[in-house]
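Engineer: A single structure is presented below for examination.
Values quoted throughout were computed directly from the atomic coordinates according to the rules given, and no laboratory measurement underlies them. Worth saying up front: this structure is predicted, and the values here are computed from it rather than measured. With ideal geometry, Cβ positions are generated from the backbone for all residues, glycine too; neighbour counts draw on all protein chains shown.
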Amino acid sequence: MDISEEEKAAVMKVMESQLLSSLAGKEVENFEKEFAEYIGVKYAIAVNSGTAALHISIASLDIGPGDEVIIPPFTFIATASSLLHNNAIPIFADIDNRSYTLDPESVKKKITRKTKAIMPVHLAGVTANMGPLLDIAKEHNLYLIEDACQSHGAKFNGKRVGSIGDLGTFSFYPSKNMTTGEGGIVTTNSTKLARQCRLLRHHGEPYWYAYNRLGWNYRMTEIQGAIGRIQLKKLDKYIGVRNENAQYMTDALNGIVGIDPPYIPEYCEPAYNYWIGRIHPDIIGLDKDQFISKFPNSKILYPKPLYETKLFQKKIGYPRGCPWSCPFYGKDIDYSKIKLPVVEKVTKEIFALDIFPGISKEELDDNIRIMKNLASK
């Protein structure tokens with residue numbers, strides 16, 4: 001996170017105005033317009049978290065009880081829990097062995113008559129392979145929701161993520177490429193979906209005391225909007241520094257056997273959130289836990305596939321077993337029997353490193369030195 005005097009001044013301006021709610025001020029509205037223009041879409045709907053962005057995106061499509069949505073299991077829980085909170089069923093497909101994003105071939109095998117959408121995750125600034133996924137969605141008349149919470153500014157074949165599917169979702173948590181402290185945003189070119197998202201984030205109200213549908217209070221504050229407007233102006237600079245830091249580490253590891261740097265597909269212009277490395281335990285003689293213990297600067301990026309967590313193994317949802325026991329579903333799903341070989345191997349070999357703009361060259365060099373030492377043993 002990089003907060004400067006410019007953000008502080010913007011916050012103080014809002015404080016002095018005493019218009020702290022987006023229902024009273026103009027900062028959030030202006031931030032939405034500017035973010036939509038940056039992404040290349042007609043509409044952006046600001047909310048109070050990336051999770052809220054995912055939640056209302058799914059709800060805006062009327063995806064709910066009995067509906068299935070295909071997602072990767074190598075992601076943060078919000079990708080899946082946002083479905084459960086709409087009483088929809090997460091269906092896990094495997095990931096690509098190099099990009100670690102949703103594998104289109106695995107997706108094809110998971111489609112049923114209950115499938116309503118595909119939700120790929122653009123992982124740590126590397127885009128999912130959207131071309132085949134768009135084709136699959138079109139062929140089967142499915143919605144496509146982009147989870148771009150980690151990938152602000154990344155591009156697929158020249159188009160920014162968040163402008164490719166029916167809806168895009170972003171998070172502004174402090175670890176992201178830009179921040180508002182907490183916060184998120186939905187992007188879309190659909191007038192209908194934008195209208196529904198705006199209703200959903202504010203109690204289903206188009207105006208005071210008119211309740212047109214069930215909604216929530218997911219509004220972004222004016223303070224967050226003001227910070228977001230300043231951060232957005234700096235985003236391309238931030239991305240440039242992150243990408244330079246990532247390339248610096250990748251170049252330094254060139255020729256080192258036993259640790260792979262991130263793979264960037266030819267269709268992707270990355271906007272690195274983390275630098276994702278991959279160890280070969282049989283070469284370096286260390287498993288992931290041993291490697292992490294010897295490399296304290298490294299981070300565990302999703303220690304296991306989501307379907308192996310207690311939430312899914314025990315199907316701990318709403319009382320009386322919803323959404324899985326919902327009579328609209330009428331199927332039995334046993335996550336303990338799922339076997340997706342690529343993600344199960346990847347989660348045992350992946351680690352992540354910070355490359356944020358404030359990190360020093362000395363810290364990068366220290367990470368490189370440690371990785372070389374561990375790879376040489």
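Engineer: Can you say what percent of the DSSP beta bridges in the chain, counting only those with both residues inside, are antiparallel? Round to 5.
Structural biologist: Of the beta bridges lying entirely in the chain, close to 65 percent run antiparallel.
Engineer: While we're on this one: Amide H of Gly184 versus every other amide H placed in the peptide plane: which residues, excluding those fewer than 5 positions away on the same chain, fall under 5 Å?
Structural biologist: Val47, Asn48, Ser49, Phe172
Engineer: If you don't mind, another one. Just subtract the alpha-carbon distance of Glu29 and Lys42 from 0.36 nm times their residue separation and send over the number in nm, one decimal.
Structural biologist: Value of the extension gain: 3.4 nm.
Engineer: Next question, about the same structure. With unit charges on the beta carbon (Lys/Arg positive, Asp/Glu negative), name the residue among Gly125, Pro281, His55 whose Cα is farthest towards the positive pole of the charge dipole of the chain.
Structural biologist: His55
Engineer: Quick one: what are the phi-derived ³J(HN,Hα) couplings along the stretch 116-128, Karplus 6.51/-1.76/1.60 with θ = phi - 60°, whole Hz, x for glycine and proline?
Structural biologist: Computed from phi, the couplings for the stretch 116-128 are 10, 7, 10, 10, x, 10, 7, 8, 6, x, 10, 7, 5 Hz.
Engineer: Once you've got the Cα coordinates, tell me which of Lys155/Lys234; Lys155/Lys299; Lys155/Lys288; Lys294/Lys348; Lys110/Lys348 are over 20 Å apart.
Structural biologist: Lys155/Lys299; Lys155/Lys288; Lys110/Lys348
Engineer: Okay, helix-only estimate at 222 nm for the chain: each DSSP H run of n ≥ 4 adds -39500 (n - 2.57), divide by all residues, round to 500 deg cm²/dmol; what do you get?
Structural biologist: That comes out to -11000 deg cm²/dmol.
Engineer: Note the listed values (1) 22.6; (2) 19.2; (3) 16.7, then indicate which one is mean projected area of the Cα convex hull in nm² calculated from this particular structure.
Structural biologist: Computed from these coordinates, mean projected area of the Cα convex hull in nm² corresponds to label (2).
Engineer: Quick one: 3J(HN,Hα) in Hz for the stretch 84-100, Karplus 6.51/-1.76/1.60 with θ = phi - 60°, rounded, Gly and Pro as x.
Structural biologist: 4, 5, 9, 6, 9, 10, x, 10, 8, 10, 6, 10, 6, 6, 10, 8, 6
Engineer: While we're looking at this one, here's another question. Chymotrypsin sites (Phe, Trp or Tyr not before Pro), restricted to the stretch 184-254: which are DSSP loop and have at most 12 other Cβ atoms within 10 Å?
Structural biologist: Qualifying residues, ordered by number: Tyr207, Trp208, Tyr209, Tyr211.
Engineer: Just want to confirm a number: the relative contact order over the stretch 190-310, from Cα pairs under 8 angstrom separated by 6+ residues, in percent.
Structural biologist: For the stretch 190-310, the relative contact order is 13 percent.
Engineer: A follow-up question, please. Run down the aspartates and glutamates and flag those whose C-alpha is under 14 Å from the C-alpha of Lys13, throwing out any fewer than 8 positions away in its chain.
Structural biologist: Reachable aspartates and glutamates: Glu5, Glu27, Glu222.
Engineer: What's the magnitude of the charge dipole for the chain around its Cα centre, counting Lys and Arg as +1 and Asp and Glu as -1 at the beta-carbon? Answer in Debye, nearest 20.
Structural biologist: Using only the charged Cβ atoms, the result is roughly 980 debye.
Engineer: Go through the stretch 177-190 residue by residue and turn each phi into a ³J(HN,Hα) via Karplus (6.51, -1.76, 1.60, θ = phi - 60°); whole Hz please, and just put x for glycine and proline.
Structural biologist: 5, 9, 9, 10, x, 10, x, x, 7, 10, 10, 6, 9, 8
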